[in-house]
1. Can we say Ser29 is surrounded by 11 or more Cβ atoms within 10 Å (Cβ to Cβ), over 18 Å from Ala83 (Cβ atoms), more than 15 Å from the chain's Cα centre (by Cα) and free of Cβ contacts under 8 Å to residues at least 60 places away in the same chain?
2. Quick one: count up the residues across region 205-221 that are in a helix (DSSP H, G or I) and surrounded by fewer than 20 Cβ atoms within 10 Å (Cβ to Cβ).
3. Please verify whether His95 is out of contact with any Pro (no Cβ under 9 Å at 6 or more places or on another chain) and modelled with pLDDT of 95 or more, treating the condition exactly as stated.
4. Please tell me if Thr141 is farther than 28 Å from Val34 by Cα and modelled with pLDDT of 95 or more.
5. Of the residues Gly148, Gly140, Gly132, Gly123, only one is in contact with a Leu (Cβ under 9 Å, 6 or more places away or on another chain), under 23 Å from Ala19 (Cα atoms) and surrounded by fewer than 20 Cβ atoms within 10 Å (Cβ to Cβ); which?
6. Of all residues in region 119-168, how many are under 17 Å from Pro49 (Cβ atoms) and of a type in the set (Asp, Glu)?
Amino acid sequence: GYIADVVDARCKKSNLRVALKVYSLPEMSELERVQLLREIRLHGRMSHPYVITVYSAFMEQGIHSSQLGRAKYNHVVLVEEFADGGDLLGMMMRHGGRLNEAVAVNEVLRPLLAALVHLHAQGIVHRDLKPGNVLFDLRGTLKLADFGLALDLNEERANTRAGTLEFMAPEVLSCPAKSQPNENKDGQAGPGQEYTTTADSWAVGALLYSIICGRPPFRGQNNKEVAKKIMKDDAVLDLVFPDRWEAALTYPGTT
């Protein structure tokens with residue numbers, strides 16, 4: 001999908017530090033524009049301590065003058081909570097490339113599952129859980145971010161491939177990709193090619209494996225090999241979690 005430019009900014013009135021996600025509409029495909037509008041609508045509905053807050057969104061149009069001449073611009077800007085503690089990948093690097101089980105469960109897994117319970121209760125599937133989309137504030141509070149691929153299952157069927165391969169559930173991987181907004185609608189994806197919020201459950205498991213072991217559960221020489229392993233192989237985790245963590249490793253909607 002389209003990658004926005006992120007700008008560190010402050011509100012003049014409140015002095016609140018915010019992140020501005022700037023999307024250049026002329027550079028985006030029709031599908032990416034539809035996804036952006038969906039992101040604004042769905043993420044704007046979220047109000048949870050473990051989800052990045054969206055304060056506002058607006059469109060900016062005009063003509064920019066520089067030494068290279070004059071150029072038109074047409075931007076959509078999302079004003080979001082600033083996560084000044086970095087992302088999960090950075091956290092892993094500060095701990096030598098992986099996290100111990102206690103940190104993984106208490107500082108990442110518990111709040112992440114709480115955020116997902118909130119999403120899933122509303123019928124929303126995130127579809128892109130990965131270290132880069134798990135952020136933290138300076139106090140170390142987890143903040144789930146980037147709803148660019150999120151879907152409201154009350155409004156749309158989840159029947160297209162979306163997300164990051166290493167964290168993609170088999171049922172997502174088996175669906176066709178999508179390049180136009182109207183593709184794969186009305187059963188075009190084929191019988192049985194549809195998934196639910198359990199796709200996020202798979203991604204949580206892959207994420208937990210990655211942060212404890214320092215690598216994704218399925219690896220290969222190329223994407224085709226990784227995809228084949230996801231569909232056919234079982235991940236081996238040489239760890240035993242204490243019984244007291246059992247409640248943290250399950251949540252409503254998972255088995």
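1. Here the answer is no, as Ser29 does not meet what is asked.
2. 2
3. Working: out of contact with any Pro (no Cβ under 9 Å at 6 or more places or on another chain): yes; modelled with pLDDT of 95 or more: no.
The answer is no for His95.
4. In short, yes.
5. Checking each option against the conditions leaves just Gly132.
6. Going through region 119-168 one residue at a time, the tally reaches 1.
Matching residues to (1) modelled with pLDDT under 90; (2) at positive phi; (3) in a strand (DSSP E or B):
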| site | (1), (2), (3) |
| --- | --- |
| Asp8 | no, no, yes |
| Leu20 | no, no, yes |
| Leu31 | no, no, no |
| Val34 | no, no, no |
| Arg38 | no, no, no |
| Glu60 | yes, no, yes |
| Arg70 | yes, no, yes |
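The values are calculated or read from the model by the stated rules, or taken from the named source; none is laboratory data. The model shown is predicted, which means the values in this text are computed figures rather than measured ones. For neighbour counting, all protein chains shown are included, and Cβ atoms are generated from backbone atoms with ideal geometry for every residue, glycine included.
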